[in-house]
Structures are given as C-alpha cells and as structure tokens.
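All remarks here apply to the structure that follows.
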Ligand SMILES: Nc1ncnc2c1ncn2[C@@H]1O[C@H](COP(=O)(O)OP(=O)(O)OP(=O)(O)O)[C@@H](O)[C@H]1O
Ligand SMILES: [Mg+2]
C-alpha cells in the first residue's frame, strides 16, 4: 500500500518490534507500543523504559557471543519484523548481524555504523562526501584554530568533552582522557540537531530540525522545532549520502568563522525524541512510520513537511516496583497525565 493521506490508524498491529538498550527512553518505547507489540531488551533488570513494552526481557551484554543468538530467539518467539537499537552501543553488532542475514535490524551498513561511531572517522567521511565538518585533527597535529574541543573519538552521552586554549592544554587533556581522542575547532554559534528518518533503501523520509537550548548527559531537555530549510536539506543530504536506514540525528553548529559544521551523526533516535513527535503531521510520527515499514508498506518521502514552533521541556518520572520488580501502579504525582492548558 502506498502512503495515503497521512491519517493515523489507531490500531495496534499484530507484528513485533524489538527495541534494544531501552534504558531510560520510556517515551520511545511507549510510542512504539501504541502501534506494535514491543519487546524491550536491556541487560539492566532495572531499565525503566522496559515497563512501557508488552514484553520485557534481560539479554546478555552486547560483547557476549550469546547476544545476537538471544535476539534471534526473541525475534522467533515474538514474530519480530524489525529490531531497532536505542543506543550507539550495539549498532555495529546489529549491522553485522543484518548483513549476515541473522537479524532484521533497522541499521545502516557496517562501514557506516563503524564510521559514525568514531567521530574522527565520521569527520573524514563527511569531508570525503563534501558535507560540512568543523576543522578536526588528531592529538599531536596542529589545529588551524584555537580554542578547540578535545573529545573521545568513540564518546557518547557528552562524556569527557573539554575545551583547550592552546597546544599544551590539548596535550594534557588528550592524555588525561585515557582513550583515543580528537581535536576539533570549538564552534561558537548556536547548536541545533536534525532528527531524520530513512526508509529501508536509505531514502530520506523526513528531516526535522530543532534548537538545543539545554542538554544533560547526552539528553536534550529543552528545545524548539524550527522551520529552517537549509538544515532540512542538510539532514536529507547526510541521510542519503550515507545510505542510513531508520532514524538518524545530525548535530550541527553555526560558527562565525567557518559557518555550518556537523559535529556528530548518530544513526539512532536523538536525545530529544519529543521534538519530532510534536512536529510530525498525523500518521507520520517516526515510530508509526517504522511500524508501517515493518509491515511491508512503502512510505512516500515527505521531507520538510512538519509543524515548526513546538517547544519541549522535560522532567524526571519514576516507577514504584514491588519486591518482584513489578510496577505497583502507584504514583506520587496527581492528577495523572500531562497538565491541562491554563
Ligand atoms: N566542535 C565543537 N564545538 C563546540 N562544542 C562542541 C563541539 N563538539 C562537541 N561540542 C559540545 O559537546 C556536546 C556533545 O558533543 P558530541 O555530540 O560530539 O558528543 P557525544 O558524546 O556524542 O554527546 P551527546 O550524546 O550529547 O551527543 C555537544 O552537544 C556540544 O554542546
Ligand atoms: Mg552526540
């Protein structure tokens, strides 16, 4: 069936979607669970987001040989049509498993998964394809600008990211973080992110930019969806150049000296899931489109079709669990649900 008039079907389909590394991402799991039977897999038995799923199962650690076979078994048991990773950590493993025909994973090819997990490789890849990336060197090389940002090549969650004013500071910080590092121009302008979705053939379906007003530990906690055609087009170019499959978030800065530069490409949902949810037109939220693709539908691209203007501001929630780690259903906040407009 072709993409119709964008009207949402409120039915929960009889197909399984396996979400890995669900962690705290309750909003993502819950959004999928409105459209499909969701199996949440996380090695941590206290991962809160698993409680939004239909089925919750602990799995072995990603680097364990039993990880992929455990996911295969879940796919068989729950008739899973797509496996969607929610963190960076297993994208490469899933990409290899996809190529080997072991798992129906919604991830890019292994080379792209590897290159985007390593931010220095990502910089080289972007440059090779004529996509804007800030001036970036390795420790020991002379950067063209100061100040610079010293950060781990394979970092996530904003871990060990520091600013350096000169070569001595770079040398100290690069050895201090005790893992391979890179040195990038400290971009001085506003930071934005573009939340994109690609289909199973690497065609961009949509790209939705937002501001990054405040972030904490890799999660964007305040932001506004913006109508910025240059960023929409940049998101589409990144997705289609790299032939990404599924969700992809592109982080960019405007800089007064070098202009627009991409500082990170994550081939998974970004740290501000509510933004593209609020902005999507009816029937076109990313989880719903992914479930429709899992059901075999071909979705027509609708790049740039969204509502700008919505702002999100996020807060913590919690679940009370009994001795057997089952939710009690009690809450300390009343009334339940979001506040009414006043
Ligand atoms: N070149 C840069 N110039 C200025 N700030 C930067 C630069 N690189 C990174 N940062 C700051 O550090 C934050 C995290 O950077 P980056 O995305 O590269 O790391 P990460 O570990 O993947 O973090 P996250 O999970 O938050 O995306 C960015 O959101 C930005 O605020
Ligand atoms: Mg990042």
Mean-square fluctuation check for the chain, GNM, Cα pairs under 10 Å: which of 266, 44, 206 is largest? 44
Stokes-Einstein D in µm²/s, Kirkwood radius over Cα pairs - the chain at 25 °C with 0.890 mPa s viscosity: 117
Nearest 0.05, what FRET efficiency do residue 13 and residue 254 give at R0 = 45 Å with Cβ-Cβ as r? 0.65
Taking every alpha carbon pair in the stretch 284-342 and sorting the distances into 10 angstrom bins from 0 up to the bin holding the longest one, the percent per bin comes out as 14, 25, 25, 28, 7
Mean Cβ-within-10 Å packing, highest first, puts peptides 328-341, 269-282 in the order 269-282, 328-341
Convex hull around the C-alpha positions of the stretch 207-290: the volume in Å³ per residue is 104
For the stretch 95-168, what is the largest minus smallest coordinate of the Cα atoms on each principal axis, given in angstrom and ordered from greatest to least? 49, 28, 18
Compactness summary of the stretch 136-185: radius of gyration and Dmax from Cα atoms, Å, are 9.5, 27
Take the Cα atoms of the stretch 1-155, find their three principal axes, and give me the spread along each one in whole Å, biggest first. 56, 43, 31
For the pair residue 77 and residue 332, how long in nm is the line joining their label points, each one 7 Å along Cα→Cβ? 3.4
Once you put a point 7 Å from the Cα of residue 162 and another 7 Å from the Cα of residue 145, both along the Cβ direction, what distance in nm separates them? 2.2
Over 26 Å [Cα-Cα, the stretch 173-324], rounded percent: 32
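No lab work stands behind these numbers, since they all come straight from the coordinates. Since the model is a prediction, treat every value here as computed from it, not as a measurement. Don't worry about glycine lacking a Cβ; one is built from the backbone with ideal geometry, like all the others, and counts go over all protein chains shown.
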